[in-house]
Amino acid sequence: MLDKIREGSQSLWVKIFLVLIALTFALAGIGGYIANQPEPAVAKVNGEDITQAEFDRAVESERARQKQQLGDFYDQLARDPRFTQRIRSQVVNDLVNQKLLEQAASESGLRVSSAQVKAAIADMASFKVAGQFDNDLYLTSLRSAGYTPESFAQALRGDLVTQQFVQGVIASEFVLPSEVDATQQLISQTRSGEYAEVALADYLEQVEVADEDVQLWYEANRQLFAVPEQVKVAYVTIDAGELAENVEISDEEVTAYYEGNKNRYGTEPQYRFSHILIEAGDDEAAAKAEAEALLTELQNGAEFAALAKEHSDDVFSGEAGGDLDFIQKGTMDEDFEAAAFALENVGDISEVVESSFGYHIITLTDVKEGSVTPLAEVRSEIVANLQEQRVKQSYYELQQQVSELAFEIPDTFEPIQEELGLTAKETDFFSRNNAPAPLNSPAALAELFSDVLIEEQLNSEIIEVSDTTSVVVRVLDYKEETTQSLDEVRDQVVENVRREQAQQLAQEAADALARQLEAGEADASAFTALENVARQTVDHPRGVTQLLFAMSVPAADSVAVDTVSLANGNIAVVALRSMQAGEVSAAQAAQLKDQLQNNVMDETYRAIIQALRADADVEILLSSSQTETEDN
């Protein structure tokens, strides 16, 4: 019970608001000023597309999250195609759920004001330094994520509307004080009685195992002795890491690369702009007229920053006098960029520029001249780049050479060893479940256990087992799936039969002891007292405690008795005589109320999703090889 309540405190609804905000970065993609081309869709939700780009970004975000959580174990899991399919399936369903919530919020007529968007941005910890909103950090973070202030505000506005919709439903849930008290009493309840263990060891020596019983048990449990198919393999490994050890880059190569790629190590001139945005709203003509009037004021000498603070509809740049910081080409709307980068001198002001957000007036506020980084400062970077290129080229060429030799003489690896200096290795027999590295990848196993390689026993094609490792394999021998004979496993079967029969005898003894206890004839000295035992106790076997709290409370002056098998094989006879209700603590009630309410809200959120999906027209366009979708 406590575990469920603890899980509730970590439930989905508690995190939903942060997730909605995070989705702005992880899922929504680059919007607004960035030119959007038609993209293929991975799903349609009531006629609206979820694009391939959204899906790909979400998959990468989920992979990054799991890699951070699982560490090195992630790489092992990622080799299994089923693991990747599960990630992609979950991402598709999450995106569908998000789209359904957005649509429901829109249909409900919910809106978020610019002031609310501004307040939400100002409250984000990601944009704070020493607890205070930092505009430079805000602009830098947006640029790194591919946003402009306007496109981010628009995406955030959509998330806040969705949050408003979800919160409006689940926040109406409540928990009665009586429910809190009853739950608290149940959690802290204690029970009393006694128990005794009937030891399995006392009966093992009493059992005489008959050959007939051994044969019957073996026939009934033949699947336990199945031996999976096995292969014995020869293989050659191509490892990019080993190639890297022999790569050396000369000073002449570094200099030549630097001279040929100076544009990589220089900075283009940078241009800083400010703007005034007048949102189009429902009356585009009025918005355009307002922008043109502001332009006239600027042309007559009005201060740009003052007008931006007073009139700009941009959430944050307006407060900073319209400042957009330094902008790189290719990150803004084409019309916006065309007008902005056409400004030649600091202080120049553009004409009114129309974009999908409304009408802009742009001014050039600063220019940073370009520069070239000295070779000494980038030498290590160039060496690393050249080494990587050389290793990739060598790796590719070696793959081609190995592939050709393996094909030309397909029943041996000797030419590969003699001409290329690679070492062929042989394995013992192994199954799919215990393949040695690097043959334990799904790609390698699929080839090794294919009918073609097993029947022909010829060299395979190049098999990529990771980004930096590939193998060529040849099956040397094959063993079909078999079942161990009774003679091979007789000792194990005899022991299992002995144990089962001993457990049956112990159970019969425990049942007899239980009847004696119910009749009041049992020897009390054989029992261990259970006095006010709590659910979380570790003083008694777990099975005893679980049974004690699973039993119905008997009437006064009576006893409830039952038996349970313990982890060590013993049989416990458990008696429940009384129950003591837990106390209600005012200090814990508030926390428990929050946890219970979290559970209710979590269930309500899931019910919302289920209801929306039940009425929705959802079409998953990914092929089954890309993902296996499941409703959430």
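The values are calculated or read from the model by the stated rules, or taken from the named source; none is laboratory data. Keep in mind the model is a prediction, meaning the values are calculated, not measured. Here the Cβ is made from the backbone with ideal geometry for all residues, glycine too, and neighbour counts use every protein chain on show. Accessible surface areas use protein heavy atoms only, side chains included; no ligands, DNA or RNA. Shrake-Rupley method; radii C 1.70, N 1.55, O 1.52, S 1.80 Å.
Computed from point charges on the beta carbon alone (+1 for Lys and Arg, -1 for Asp and Glu), the dipole magnitude for region 198-245 about its Cα centre is near 260 Debye. With contacts taken as Cα pairs under 8 Å and at least 6 residues apart, region 413-468 reaches a relative contact order of 25 percent.
Short-range pairs are left out: with C-alpha atoms under 8 Å and at least six residues apart, the relative contact order of the chain is 27 percent.
Electrostatic bookkeeping for Glu150 treats Lys and Arg as +1 and Asp and Glu as -1; over the other residues with beta carbon under 12 Å from its beta carbon, the sum is -3. All alpha carbon pair distances within region 319-372 were sorted into 10 Å bins beginning at 0; the resulting P(r) in whole percents reads 22, 57, 19, 3.
Look at the dipole of region 244-391 built from charges on Cβ: of Gly322, Ala291, Phe273, the Cα furthest out on the positive end belongs to Phe273.
An oblate overall shape is assigned to region 441-543, the ratio a/c of its alpha-carbon gyration tensor axes (a ≥ b ≥ c) being 1.5 or greater and a/b not exceeding b/c.
Region 91-109 and region 304-356 have Cα centres lying 33 Å from one another.
Normalised by 2.2 N^0.38 Å, where N is the number of residues, the alpha-carbon radius of gyration of the chain equals 1.40. Each Lys and Arg Cβ is given +1 and each Asp and Glu Cβ -1; about its Cα centre, region 456-555 then shows a dipole of about 460 debye. With the cut-off at 1.5 for a/c, could you classify region 276-403 from its C-alpha gyration tensor as rounded, prolate or oblate? Prolate, since a/c reaches 1.5 and a/b exceeds b/c. Each other residue within a Cβ distance under 12 Å of Ser192 adds +1 if Lys or Arg and -1 if Asp or Glu, for a net charge of 0. Counted over region 210-255 with a bin width of 5 Å, the fraction of Cα pairs per bin, in whole percents, is 4, 12, 10, 8, 8, 7, 6, 6, 6, 6, 6, 6, 5, 3, 3, 3, 2, 0. Average accessible surface for region 490-632: 59 Å² per residue, computed with a 1.4 Å probe over protein heavy atoms with every protein chain in place. Between the C-alpha center of region 432-460 and that of region 168-201 there is a gap of 53 Å. The candidates Arg542, Arg613, arranged from most to least accessible area with a 1.4 Å probe in the full protein assembly, appear as Arg542, Arg613. Using all pairs of distinct alpha-carbon atoms, the Kirkwood hydrodynamic radius of region 187-346 works out to 26.6 angstrom. Note: relative contact order over region 512-632, using C-alpha pairs below 8 Å and six or more positions apart, is 17 percent. Surface listing: Val584, Val96 arranged by accessible area from highest to lowest gives Val584, Val96, probe 1.4 Å. Hydrodynamic estimate: the Kirkwood radius of region 541-599 over Cα pairs, inserted into Stokes-Einstein at 20 °C and 1.002 mPa s, corresponds to D of 153 µm²/s.
Over all Cα atoms in region 401-500, the spread is summed up by Rg and Dmax: 18.3, 62 Å.
Rounded to whole Å, the principal axis extents of the Cα atoms in region 364-455 read 73, 33, 22, largest first.
Its Cα centre serving as origin, the chain has a Cβ charge dipole (Lys and Arg +1, Asp and Glu -1) of approximately 1800 debye. Mean residue ellipticity at 222 nm, helices only, the chain: -16000 deg cm²/dmol; runs of at least 4 DSSP H residues each add -39,500 (n - 2.57), and the sum is divided by the number of residues.
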